[in-house]
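See structure below.
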Amino acid sequence: MRTKFIILAASLLVLIGAIWVTVSSNDQGAPITIVNTSVPPAPPLDTTLVREGETLYQQSCARCHGANLEGEANWRVTKEDGSLPSPPHDSSGHTWHHPDSLLLEIIANGGDPQFNSTMPGFADSLTEDEMIAILEFLKSSWKAEDREYQWWISAVEQGNTIP
Ligand code: HEC
């Protein structure tokens, strides 16, 4: 009887411990608030989409932006023809400063010809779903706080704020 009770109490403790660990490691739950504007929490990335995006990235983007998203050397320095080198897409670049809508627009239509941009548009060679998959892959390389910021600015841009 006593042993049974001890075993029961012990399993209960293990169960409570497991639930506690699950809840405290789930930091997706809280809204993201920046400059007094809150948006819903960022959902986890879709791993299937990330993998699909990585393949597409290596096929279409890596030759300029680097196989490891590192960009060109000295990417901040304007070239002689006035064009900019390809920037990195990981947290060291500024891709994560921009909302989804702008990033998808740049991927589809390319860079601004006014600045002699050499960034090609992919509207004819990639579907919107493929561009979204590539974006998901880029997001998977960002530091947690950069991913949160970019989620926030995308949500704000879409008017998806919590009153
Ligand atoms: C021929 C080289 C080249 C290829 C290929 C290329 N890019 Fe670019 N990309 C650039 C350059 C150069 C820039 C710098 C900004 C500019 O000139 O518009 C850029 C800028 C960007 C930006 C804006 C980044 C920012 O922080 O403002 C995004 C997003 C981007 N590229 C995504 C992609 C994706 C996704 C692919 C593949 C589907 C791709 N690029 C393929 C050269 C390239």
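A short reminder: the numbers here are calculations on the coordinates, not readings from a lab. Just so it is clear, the model here is predicted, and its values are computed rather than measured. Positions of Cβ are generated from backbone atoms using ideal geometry, with glycine treated the same way; all protein chains shown enter the neighbour counts.
Per the listing SER141, SER117, SER60, the residue uniquely more than 12 Å from the ligand (Cβ to nearest atom), in contact with a Leu (Cβ under 9 Å, 6 or more places away or on another chain) and over 23 Å from VAL35 (Cα atoms) is SER141. Which condition number in (1) within 23 Å of ASN36 (Cα to Cα); (2) in a loop (DSSP other than H, G, I, E, B) is the one that VAL156 fails? Of the numbered conditions (1) within 23 Å of ASN36 (Cα to Cα); (2) in a loop (DSSP other than H, G, I, E, B), the odd one out for VAL156 is (2).
Out of LEU103, LEU126, one residue alone is under 17 Å from LEU56 (Cα atoms) and either assigned to a helix (DSSP H, G or I) or of a type in the set (Ser, Thr, Tyr) (or both). It is LEU103. Restricting attention to segment 39-93, which residues are of a type in the set (Val, Ile, Thr) and under 20 Å from the mean Cα position of the chain (by Cα)? Selection gives VAL39, THR47, THR48, VAL50, THR55. Filtered by the rule that a residue be surrounded by 14 or more Cβ atoms within 10 Å (Cβ to Cβ) and within 8 Å of the ligand (Cβ to nearest atom), segment 103-113 gives LEU103, ILE106, ILE107, GLY110, GLY111.
From the residues in segment 71-96 that are among the hydrophobic types (A, V, I, L, M, F, W, C) and more than 19 Å from GLU145 (Cβ to Cβ), which one is surrounded by the most Cβ atoms within 10 Å (Cβ to Cβ)? Before the answer, list the steps.
Here is the first cut: in segment 71-96, the residues among the hydrophobic types (A, V, I, L, M, F, W, C) are 73, 75, 77, 84, 96.
Among the residues that remain, those that are also more than 19 Å from GLU145 (Cβ to Cβ) are: 73, 75, 77, 84.
Values: ALA73: 8, TRP75: 16, VAL77: 9, LEU84: 18.
Top of the filtered list is LEU84.
Taking segment 52-74, which residues are in contact (Cβ under 8 Å) with a residue 60 or more places away in the chain and not hydroxyl-bearing (Ser, Thr, Tyr)? Before you say what the answer is, go through the steps one by one.
So in segment 52-74, the residues in contact (Cβ under 8 Å) with a residue 60 or more places away in the chain come out as 52-54, 56-57, 60-61, 69.
Passing the criteria: GLU52, GLY53, GLU54, LEU56, CYS61, LEU69.
Answer yes or no: is there a residue in segment 63-70 that is more than 24 Å from ARG147 (Cα to Cα) and surrounded by fewer than 18 Cβ atoms within 10 Å (Cβ to Cβ). Looking through segment 63-70, at least one residue is more than 24 Å from ARG147 (Cα to Cα) and surrounded by fewer than 18 Cβ atoms within 10 Å (Cβ to Cβ).
Inside segment 62-93, can you point out the residues that are of a type in the set (D, E, K, R), closer than 17 Å to SER117 by Cβ and assigned to a loop (DSSP other than H, G, I, E, B)? Those that are of a type in the set (D, E, K, R), closer than 17 Å to SER117 by Cβ and assigned to a loop (DSSP other than H, G, I, E, B): GLU72, ARG76, LYS79, GLU80, ASP81.
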